[in-house]
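Read the figures in this text as sums done on the coordinates, not as results from a lab. The shown structure was predicted, so the numbers you read here are calculated from the model rather than taken from an experiment. So basically every Cβ, Gly included, is an ideal-geometry build from the backbone, and we count neighbours across all protein chains shown.
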Amino acid sequence: MKRLYIYVDASAIGGCEDSEFAKPSLSLWRLFIKGVFMQVLSEHTLRELSGAPENVRAHLLDIPVAHQIILADTPEADALAEAYLAHGIVGPGSRSDAFHVALATVAHVDVLVSWNFKHVVNLDKIRLFNAVNLEQGYGLIEIRTPREVLSHEENL
């Protein structure tokens, strides 16, 4: 079975310290630590986390370097994020969310995980992100919560 490459936005990392989301977030983290899944971060995510509490940032140190990829910002991802904005998927104040989706799309990850239900893990938004992806010559992006990428046993 192919190892999934999972792009993690800041909300998914913060979920490790949130009472509502901690259980599935930490279950996903254990799978990153074991190397079952490959964690994909971005410079963008790391910038967002720079002001986060230490206990949130500390979760990044748990993942072995061999099980983690850090994506650089690219003009290609920036242009795709701008296309999302031009299509009104999210407003200018949510450009950061659009940039996460663009980075994950351009990197061809298997799935982007987030707890951001307003701008990212939202069926209408996902459909629109994918419509723009196809229009721009990219493939579809899977966007799910950390809970959704775990098997039933891992959710227990």
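Results, tabulated for the structure shown:
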{"item": "Karplus (6.51, -1.76, 1.60) ³J(HN,Hα), θ = phi - 60°, over the stretch 61-69, in Hz, Gly and Pro reported as x", "result": "6, 6, 8, x, 4, 5, 10, 9, 10"}
{"item": "Neighbourhood net charge (14 Å Cβ-Cβ; Lys/Arg +1, Asp/Glu -1) for residue 91", "result": "+1"}
{"item": "Where chymotrypsin sites (Phe, Trp or Tyr not before Pro) fall in DSSP loop in the stretch 69-156, at most 12 other Cβ within 10 Å", "result": "117"}
